[in-house]
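Everything below concerns the one structure shown next.
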Amino acid sequence: MVVKDKKQDALLKEYIEFLREHPVEAAYKLLGVKLVPHQRIMVKEAWDTKFVCWILGRGMGKTYMLAVMGILRAMLFPEEKVVIVGPSFRQSQLIFAEMEKILRHSAFFQQSLSKPPLHHANGFSMYFNNDSWVKAIPLGADGSTLRGLRATLILVDETAKVSDTIINSVILPFAATVRNPTAKYFGDLEDDMENSVIFASSAYYQFNHLYAKFLSWRELVLEGDPDYSLQRYNYLDAPEGFADMKMVEYYRKNFTEEQFDMEILAKFPTDSKGFYPSSLLHSCTEKGIVPVLTPREGCLYVLGVDPARQDDRFAMTVVEVGPHEMQVANCCAYENISFPEMVNRIDELDNIYDFTNINLDAGGGGLAIRDLLRTERLSRGQDGKLRKKMPYLVVDDKDTEGWNGRRHIHLVAFGSPSVNEMNFSLKKNFEDKLLKFPSQPTLKPKEYNEAAEVALTEISALRNELETIQTDPTQHGYLKFYAPGTLKKDRYSSLLLANFGANVIVGERLESEYAKVSELPSGFWLPESRGI
C-alpha cells in the first residue's frame with residue numbers, strides 16, 4: 001500500500017511538473033479553458049518572463065487572460081502571491097470577478113481553495129491550499145496599500161490610466177522582491193518561476209507613458225532580451241467568430257477615428273482631433289489634485305446642471321473656485337430619473353457644497369427643474385435627517401420679485417452665440433491652466449476613499465466626452481459643437497455651465513480688485529495677477 005502511494009505521489013508530481021511547463025495545457029486540464037492561438041501565445045510568452053506588456057483591442061480577452069494567468073500561477077506554484085491592481089478598485093474587481101466565473105465551472109479550482117473567496121472594502125482575496133493567494137486591492141492615494149506587501153506576480157490592468165509615478169516608485173520595485181532568497185545558494189530551484197509583472201491595457205495616445213514603454217520594450221524584444229515580452233493584438237488577429245463584429249462596426253460608426261484606433265485596432269494615435277485635444281486635457285490633469293468631497297476653506301463652489309432630455313442623461317458638474325485657480329471638484333450623471341429626483345440630487349450636492357451659484361440649462365426640462373427649486377421642499381442632509389429647504393430663485397427674475405428665497409440660479413439659454421462663447425471660454429481656461437482636473441491621487445491619503453474613486457470615474461468619463469467633441473461651421477459664422485454618432489455629451493454640457501458660473505465669480509473678483517485699485521493714491525501699481 002505504501003509502495004502504491006509512493007507511485008501515485010511520483011505520478012502526481014510528474015503531472016504537476018508537466019502542467020508547470022505547459023500552461024496552455026494546464027488551462028484546459030485544470031480550468032476547462034480553451035485558448036485560441038493568440039491567447040496561447042500570450043500565456044506561453046508571459047509564463048516565465050519577468051516583464052510582460054499586453055496591448056489588446058476590445059474583445060481580445062484582456063480581463064479574461066489576466067484572470068487565467070493569476071489562477072494558474074497560484075494553483076501550480078506554492079506560496080505564489082498574486083496582486084491585482086488597476087487605476088481604480090473597481091477595475092481590479094473586474095479581474096477578480098472573472099476569476100470567480102472560472103471558479104464556478106472548475107472542480108479542480110474549487111478544490112484548490114482553502115476557503116471561499118473573500119470580499120472586503122479594502123480588497124478581495126482567494127486563499128489556496130498550497131499557501132498561495134490572489135488579492136485584488138485598491139492602489140490607495142499613493143500606492144501605500146502596496147508598499148510592504150510581497151508579491152510574486154502583479155497584474156496591472158489598464159496600465160495607461162495608472163500613474164507612471166506609482167508604476168515606477170511602487171509597483172516595479174515591489175515586484176523585484178526575491179521569493180526565496182536562499183534557494184539559489186542551497187540549490188533548491190524546484191519552484192524557480194521568476195517574479196513578474198504583467199502590464200495589460202488598451203492603447204492610448206502617444207503622449208501617455210504607455211507608448212514610451214511600448215517603444216522601449218519593443219526594442220528590447222527585438223534585441224532578444226529574455227526578460228521582456230510584448231504582445232499586441234486586435235480583432236484581425238483573432239480566429240473567425242472570436243470577435244463580435246457587430247461591436248466592431250458599432251465603434252466604427254459611432255466613435256471617433258482615434259477612439260476606434262485605440263479601442264479596436266490597438267493603435268496609438270498622436271492626439272485626438274476634436275475641439276478639446278486629449279493632450280490639452282492631459283496637461284490640465286495635475287498629480288496631487290484629488291476630487292473635492294468636502295468643501296475647503298477659502299473656496300467657492302459652482303454647479304452646472306444639464307437636465308435630461310429624451311434619451312439623454314441628467315448630469316451635474318461641480319467646479320471649485322479657489323484663491324488662485326479652479327478645478328473640477330466632482331461630477332455625476334444619472335439615467336431615467338424624474339424631475340423631482342433631479343431636484344433631490346441638486347439639493348444633496350448643495351447640502352455639501354453650499355453653492356455660490358447654480359447654472360441651469362433653460363432647455364430640455366430646465367424650466368421644470370426651476371419651478372421645483374423655487375418651492376419650499378424637504379431635503380435629506382448629510383446626517384440623514386430631513387429638513388426644509390428654502391426656495392431657490394433665478395437671478396433677476398421679475399416673476400418672483402419680492403419672493404422669499406435664495407436667489408442664486410442662473411438660467412442659461414443654449415443658442416449658437418452662447419454655446420460658442422462658453423466653449424471658447426472653457427478651452428481658454430484649459431490653455432491657461434486655470435481650470436484643472438484631478439488625477440489618480442498621489443497625495444493626501446485621507447482624502448482618498450470609495451466616494452473619491454466614484455468621483456474620479458465620473459470625471460474620467462467627463463474628460464472622455466470632451467475628447468469626442470467635434471465642430472462644424474454654420475452658415476451664420478458660428479461653430480456647431482457635437483459628439484459623433486450616438487456618443488453622449490451631458491457631462492460636457494454641465495461642465496460648460498459650471499465653468500460659465502465660475503468665470504462669473506472670477507470676473508466679480510477682478511472687478512472688486514480693480515475697484516480697490518481705483519481708490520488708491522496716484523502712482524500706486526496694480527496688484528500682481530493672482531493667476532485667475
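We did not get these values from a lab; they are worked out from the coordinates using the rules stated. Predicted, not measured: the structure shown is a model, and the values here were computed from it. Neighbour counts run over all protein chains shown; Cβ positions are idealised from the backbone, glycine included.
A few remarks follow.
- For segment 278-516: relative contact order, % (alpha-carbon pairs under 8 angstrom, 6 or more apart): 30 percent
- Loop trypsin sites (Lys or Arg not before Pro), segment 351-416 (other Cβ atoms within 10 Å of the site Cβ: 15 or fewer; DSSP): LYS385
- Values of log10 I(q)/I(0), in the order q = 0.12 Å⁻¹, for segment 319-425 under a Debye, Cα-only, solvent-free model: -0.48
- 29 Å Cα-Cα reach of LYS253 towards lysines, excluding residues that sit fewer than 8 places from it in its own chain: LYS62, LYS161, LYS267, LYS273, LYS427, LYS480, LYS488, LYS489
- Angle between the chain longest axis and helix 89-104 axis [Cα atoms, degrees, rounded to 10]: 40 degrees
- Taking every DSSP beta bridge that has both ends in the chain, the antiparallel portion is near 45%.
- The alpha carbons of the chain give a radius of gyration and a Dmax of 27.5, 108 Å, in that order.
- Computed over the chain: relative contact order in percent, which uses C-alpha pairs under 8 Å that are six or more apart: 15 percent
- Taking every DSSP helix (H) stretch of at least 4 residues in the chain, weighting each as -39,500 (n - 2.57) and dividing the sum by the residue count yields a mean residue ellipticity at 222 nm of -12500 deg cm²/dmol.
- Using alpha-carbon coordinates, inclination of helix 209-222 to the longest axis of the chain, degrees: 30 degrees
- For segment 71-139, the direction-averaged projected area of the alpha-carbon convex hull comes to 4.1 nm².
- Qualifying GluC sites (Glu not before Pro) in segment 298-401, where qualification requires a DSSP coil assignment and no more than 10 other C-beta atoms within 10 Å, comprise GLU376, GLU401.
- Restricting segment 236-265 to GluC sites (Glu not before Pro) in coil, as DSSP defines it, with at most 15 other Cβ within 10 Å: GLU240
- Whole-angstrom gap from segment 207-242 to segment 295-328, using each part's C-alpha centre: 40 Å
- With Cα atoms, 0 to 90° folded angle of helix 62-76 axis to the chain main axis: 40 degrees
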